[in-house]
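Trainee: Take this structure, written in structure tokens, and hold onto it; I'll ask about it next.
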Amino acid sequence: MLDDILAWLRCPHCHDPLTRDAGTLGCAQGHRFDLARQGYVSLRQGRSRNPGDTTAMVLARERALTAGHLAVVTRAVTDTAAAWLGDGPPGAVVDLGAGTGHYLASVLTACPDRVGVALELAPAALRRAARAHPRLGAVGCDVWEPLPLVDDAAAVLLNVFAPRNPAEMHRVCHPEGIAIVVTPTPAHLAELVAPLGLLSVDPAKQPRLHSALEPRFTLLERREITAPLRLDRAAAHAIAAMGPSAHHVDDATLADRLAACPEPIEATAAVEVRVLRPLAR
Ligand SMILES: C[S@@+](CC[C@H](N)C(=O)[O-])C[C@H]1O[C@@H](n2cnc3c(N)ncnc32)[C@H](O)[C@@H]1O
Ligand SMILES: [Zn+2]
């Protein structure tokens with residue numbers, strides 16, 4: 001599927017267009033990027049010290065998303081993107097920090113004339129994203145580096161629970177396109193914080209997000225979505241292990257703490273969905 005997204009990609013070193021020759025993408029300056037056997041390509045400037053999510057986190061995320069625990073978020077992202085893409089500008093649907101490609105695949109299913117680019121750092125996530133949808137191309141990159149995308153590549157730019165680089169988001173978002181940014185609110189999974197020893201969402205996160213994006217984007221819409229979750233231990237385990245707390249609480253400790261929780265474990269999914277338009281350059 002990478003062929004269909006080539007027009008939106010650029011060489012990370014010289015910014016020239018890329019063409020494909022069998023299992024390699026390359027530019028006129030001679031920079032070459034091998035396609036991974038699993039169907040994605042890494043377009044990285046250098047070697048980042050940040051590996052992205054671990055394989056265990058990616059597997060936990062895949063379990064939680066496939067089970068539909070965050071279906072309400074998927075629906076909100078998909079409906080918003082599809083509504084804007086109806087008579088939106090040319091461009092791909094780009095997902096920054098796409099994880100397994102879950103949200104991007106859902107948007108592409110709802111928008112049959114668009115292709116999608118999943119940008120992601122973690123190889124385990126890239127492997128899954130590459131298979132997530134026939135119109136999706138998965139590209140390895142670090143969102144803190146200049147993105148390997150041409151200017152205005154994105155008719156819709158998704159950023160769901162993932163790191164964001166406002167300057168690059170602004171460059172790649174079409175002037176008539178939108179960015180859909182989803183972040184957890186302090187109420188997100190708050191019921192699990194004490195019993196499982198999870199990290200809580202920093203209440204300063206929303207104002208920080210706003211001030212980072214404000215100089216480059218105007219806010220068109222902001223919606224808070226909450227949904228009650230009734231989880232068995234396995235589901236609560238997946239939800240806890242897919243998030244940033246996984247870096248602090250190991251799997252065995254999590255299992256021990258969950259064993260002490262009566263089922264069902266009740267929690268709340270609480271996110272804020274922002275729709276933003278890039279300001280004129
Ligand atoms: C919390 S997950 C969200 C994934 C996906 N958007 C979802 O909601 O299912 C954050 C993702 O960002 C990726 N990530 C972290 N740092 C990154 C970076 N510097 N560049 C690209 N991706 C990064 C992680 O590997 C992970 O897949
Ligand atoms: Zn080049």
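Trainee: Inside segment 137-166, can you point out the residues that are among the hydrophobic types (A, V, I, L, M, F, W, C), within 13 Å of the chain's Cα centre (by Cα) and closer than 18 Å to A81 by Cα?
Mentor: Within segment 137-166, V156, L157, L158, V160, F161, A162 qualify.
Trainee: From the list V139, V172, which residue is within 16 Å of ligand 2 (Cβ to nearest atom), of a type in the set (A, V, I, L, M, F, W, C), buried (at least 21 other Cβ atoms within 10 Å of the Cβ) and closer than 20 Å to D16 by Cα?
Mentor: So the residue among V139, V172 that is within 16 Å of ligand 2 (Cβ to nearest atom), of a type in the set (A, V, I, L, M, F, W, C), buried (at least 21 other Cβ atoms within 10 Å of the Cβ) and closer than 20 Å to D16 by Cα is V139.
Trainee: So, one more: Of all residues being over 17 Å from P163 (Cβ atoms) and small (G, A, S) in segment 181-211, which is farthest from the chain's Cα centre (by Cα)? Just the residue, please.
Mentor: Across segment 181-211, the extreme among qualifying residues is A194.
Trainee: So which residues in segment 184-217 are free of Cβ contacts under 8 Å to residues at least 60 places away in the same chain and among the polar types (S, T, N, Q)?
Mentor: S200, S211
Trainee: Return a yes/no flag: does segment 8-29 have any residue that is more than 16 Å from ligand 2 (Cβ to nearest atom), among the hydroxyl-bearing types (S, T, Y) and over 22 Å from E176 (Cβ atoms).
Mentor: No, segment 8-29 contains no residue that is more than 16 Å from ligand 2 (Cβ to nearest atom), among the hydroxyl-bearing types (S, T, Y) and over 22 Å from E176 (Cβ atoms).
Trainee: What's the total number of residues in segment 21-68 that are farther than 23 Å from G101 by Cα and either in contact (Cβ under 8 Å) with a residue 12 or more places away in the chain or surrounded by 15 or more Cβ atoms within 10 Å (Cβ to Cβ) (or both)?
Mentor: Summing the residues that are farther than 23 Å from G101 by Cα and either in contact (Cβ under 8 Å) with a residue 12 or more places away in the chain or surrounded by 15 or more Cβ atoms within 10 Å (Cβ to Cβ) (or both) in segment 21-68 gives 6.
Trainee: Now for a separate question. If I ask for residues that are within 16 Å of ligand 1 (Cβ to nearest atom) and among the hydrophobic types (A, V, I, L, M, F, W, C), which ones from segment 24-41 would you list?
Mentor: Selection gives A36, V41.
Trainee: Being part of a helix (DSSP H, G or I) and either over 27 Å from A167 (Cβ atoms) or among the β-branched types (V, I, T) (or both), is that true of even one residue in segment 221-234?
Mentor: yes
Trainee: Any residue at all in segment 48-71 that's under 23 Å from E176 (Cβ atoms) and either acidic (D, E) or within 12 Å of ligand 1 (Cβ to nearest atom) (or both)?
Mentor: no
Trainee: Give segment 84-110 a look and list any residue that's surrounded by fewer than 19 Cβ atoms within 10 Å (Cβ to Cβ) and either modelled with pLDDT under 95 or in a loop (DSSP other than H, G, I, E, B) (or both), or say none.
Mentor: Listed by number, the residues that qualify are G86, D87, P89, P90.
Trainee: If a residue has to be within 16 Å of ligand 1 (Cβ to nearest atom) and either closer than 12 Å to P146 by Cβ or modelled with pLDDT under 95 (or both) to count, how many in segment 1-23 make the cut?
Mentor: 1
Trainee: If you check every pair at least six apart or on different chains, which have Cβ atoms under 7 Å apart with a residue in segment 218-245 that is farther than 27 Å from A179 by Cα first and a residue that is surrounded by 13 or more Cβ atoms within 10 Å (Cβ to Cβ) and among the hydroxyl-bearing types (S, T, Y) second?
Mentor: Pairs found: L229/T268.
The values are calculated or read from the model by the stated rules, or taken from the named source; none is laboratory data. Just so we're clear, the structure is a prediction, and the values are computed from it rather than from any experiment. Methodologically, a virtual Cβ is constructed for each residue, glycine included, from the backbone with ideal geometry; neighbour enumeration extends over all protein chains shown.
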